[in-house]
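Asks: This is the structure I have questions about; it appears just below.
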Amino acid sequence: MVDDPNVSPDLRRQLQLVLKLRLFARDELKMNPAGNYLRYRELDRKFALWVVYAAPEFDTELKSWWYPVVGRFTTRGFFKESAARAYAKRLEEQALDVYVGGAPAYSTLGWFDDPVLSTFINYSETELADLIFHELAHHHLFLPGDATFNESFATAVAEIGVARWLEAHHDAVKQDEYLAHRKQAKQFNEMLFQSREELQKTYAQDQTDDQKRNAKARIIVQLKSRIMELSQADPSNKRLANWSQRPINNALLGATAVYYHQVPAFIALFEKSNRDFPAFFAAVKNLTQLNQEKREAMLQVPE
């Protein structure tokens, strides 16, 4: 397709970028891209799949489902949005907090060679690099049954990888912009984690359900207010503006924690590994040999 004159210049340029990102992942991040992202697939939908998260009304821990081979996952995925919404409605009827999100890509964890999809090919350079590095991290290392470990690890690899890519391919201004964005994202996530902890403490108290509901509503209103303040400080950040308007519940906060809660710990481990990817990956693999309690204790970042 890259050599095909009938392919549009914009698509050809994006596909060429994907090929460069694959090589960078192999040579600089020391991950083997294997046969991934060498084919292109046009989908007739906005997302590759829709993902359903659920949590009890008074608990921020996500509901999980068991799958063959990969173990327990805190998501149910659907290729049709209507099917995801219908399933979410059934969960809501069970008095669960529910969140449905669209995913532009997913990893088949080495069982198949993942293609480039139309759902993400038009991403910006930084966004495309983030997605490719994130999904390749899943191919490189995956721990069955621990979604937070897997997603936080992949998110950390992507953050580190994008920073290195920008350092290698752009001037310092571009890299500074990305690092500033990462700093703001960290501030935002810490805000969400704090509210999630406040909710969990509230749910653990000896109160009536109505008292817990009132406290829950108050904490979420306060969170939205803080998000609005942060978005007003940077009007260009549409993600913050959207968050300040969307319904927030236990499932949404739990889903965010899956992807970001252990990211600071993985980045700290990368620094401890002298920023050497093989040493870092070896250290992460050692963590997978521990039981979940010990693993989570090792991934606690001191306040």
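The values are calculated or read from the model by the stated rules, or taken from the named source; none is laboratory data. Predicted, not measured: the structure shown is a model, and the values here were computed from it. Heads up, the Cβs are rebuilt from the backbone with ideal geometry, glycines too, and the neighbour counts pull from every protein chain shown.
Asks: So, restricting to strands (runs of 3 or more DSSP E) that lie completely within region 35-90, which ones have at least 2 residues that are within 30 Å of ASP206 (Cα to Cα)?
Replies: Ranges flagged: 49-56.
Asks: From the list ALA48, ALA54, which residue is of a type in the set (Gly, Ala, Ser), touching a helix residue (DSSP H, G or I) at 6+ places or on another chain (Cβ under 6 Å) and modelled with pLDDT of 95 or more?
Replies: Working: ALA48 fails: touching a helix residue (DSSP H, G or I) at 6+ places or on another chain (Cβ under 6 Å).
Exactly one of ALA48, ALA54 is of a type in the set (Gly, Ala, Ser), touching a helix residue (DSSP H, G or I) at 6+ places or on another chain (Cβ under 6 Å) and modelled with pLDDT of 95 or more, namely ALA54.
Asks: Looking at ALA255, ALA217, which one is in a helix (DSSP H, G or I) and either over 21 Å from ALA55 (Cα atoms) or modelled with pLDDT of 95 or more (or both)?
Replies: Step by step, each of ALA255, ALA217 is checked, and only ALA217 is in a helix (DSSP H, G or I) and either over 21 Å from ALA55 (Cα atoms) or modelled with pLDDT of 95 or more (or both).
Asks: Continuing with this model, one more query. Please verify whether PHE193 is in contact (Cβ under 8 Å) with a residue 24 or more places away in the chain, in a helix (DSSP H, G or I) and aromatic (Phe, Trp, Tyr), treating the condition exactly as stated.
Replies: Numbers: in contact (Cβ under 8 Å) with a residue 24 or more places away in the chain: yes; in a helix (DSSP H, G or I): yes; aromatic (Phe, Trp, Tyr): yes.
Spelling it out, PHE193 is indeed in contact (Cβ under 8 Å) with a residue 24 or more places away in the chain, in a helix (DSSP H, G or I) and aromatic (Phe, Trp, Tyr).
Asks: Have a look at GLN207, GLN175 and point out the one that is surrounded by 13 or more Cβ atoms within 10 Å (Cβ to Cβ), without any contact (Cβ under 8 Å) to a residue 40 or more places away in the chain and not in a helix (DSSP H, G or I). Walk me through it before giving the result.
Replies: Numbers: GLN175 fails: not in a helix (DSSP H, G or I).
Going through GLN207, GLN175 in turn, just one is surrounded by 13 or more Cβ atoms within 10 Å (Cβ to Cβ), without any contact (Cβ under 8 Å) to a residue 40 or more places away in the chain and not in a helix (DSSP H, G or I): GLN207.
Asks: In addition: Which numbered condition trips up GLU125, out of (1) under 30 Å from ARG12 (Cα atoms); (2) crowded, with 19+ Cβ neighbours inside 10 Å; (3) modelled with pLDDT under 95?
Replies: Status for GLU125: all satisfied but (2).
Asks: Evaluate the following for LEU49: is it buried (at least 18 other Cβ atoms within 10 Å of the Cβ), in contact (Cβ under 8 Å) with a residue 12 or more places away in the chain, closer than 25 Å to ALA282 by Cβ and under 20 Å from the mean Cα position of the chain (by Cα)? Can you show your working first?
Replies: Numbers: buried (at least 18 other Cβ atoms within 10 Å of the Cβ): yes; in contact (Cβ under 8 Å) with a residue 12 or more places away in the chain: yes; closer than 25 Å to ALA282 by Cβ: no; under 20 Å from the mean Cα position of the chain (by Cα): yes.
Taking the combined requirement at face value, the residue does not satisfy it.
Asks: Hey, another quick one. How many residues are crowded, with 16+ Cβ neighbours inside 10 Å and under 19 Å from PHE24 (Cβ atoms) if we restrict to region 274-289? Write out each step before concluding.
Replies: Restricting attention to region 274-289, the residues satisfying the condition of being crowded, with 16+ Cβ neighbours inside 10 Å are 277, 280-281, 283-284, 287.
The next check asks that each one be under 19 Å from PHE24 (Cβ atoms); those that pass are 277, 280-281.
Number satisfying all stated conditions: 3.
Asks: Testing LYS183 on (1) over 30 Å from LYS285 (Cα atoms); (2) loosely packed, with under 14 Cβ neighbours inside 10 Å, one condition comes back false. Which one is that?
Replies: (1)
Asks: Continuing with this model, one more query. Being out of contact with any Leu (no Cβ under 8 Å at 6 or more places or on another chain) and aliphatic (A, V, I, L, M) is the filter here; which residues of region 98-132 pass it?
Replies: Passing the criteria: VAL100, LEU109, LEU131.
Asks: Of everything in region 134-172 that's within 17 Å of the chain's Cα centre (by Cα), assigned to a helix (DSSP H, G or I) and aromatic (Phe, Trp, Tyr), which residue is surrounded by the fewest Cβ atoms within 10 Å (Cβ to Cβ)?
Replies: PHE149
Asks: State the number of residues belonging to region 6-28 that are in a helix (DSSP H, G or I) and small (Gly, Ala, Ser).
Replies: Qualifying residue count, region 6-28: 1.
Asks: Going through region 47-68 one residue at a time, which ones are in contact with a Gly (Cβ under 6 Å, 6 or more places away or on another chain) and not β-branched (Val, Ile, Thr)?
Replies: Matches in region 47-68: PHE47, LEU49, TRP50, ALA55, LEU62.
Yes/no matrix, rows are residues, columns are (1) touching a residue at least 60 places away in the same chain (Cβ under 8 Å); (2) among the β-branched types (Val, Ile, Thr); (3) under 19 Å from ASP130 (Cα atoms):
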position	(1), (2), (3)
ALA257	yes, no, yes
PRO264	yes, no, yes
GLN292	yes, no, no
GLN300	no, no, no
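Asks: State which residue pairs qualify: first residue over 14 Å from LEU11 (Cβ atoms) and inside region 105-122, second residue of a type in the set (S, T, N, Q) and modelled with pLDDT under 95 in any location, beta carbons under 7 Å apart, and separation of 6 or more residues or different chains.
Replies: If the second residue must be of a type in the set (S, T, N, Q) and modelled with pLDDT under 95, the pairs left are ASP114/SER107; ASP114/THR108.
Asks: Ok, one more. Tell me which residues, restricted to region 268-294, are modelled with pLDDT of 95 or more, of a type outside the set (Gly, Ala, Ser) and in a helix (DSSP H, G or I).
Replies: LEU269, PHE270, GLU271, LYS272, PHE277, PRO278, PHE280, PHE281, VAL284, LYS285, ASN286, LEU287
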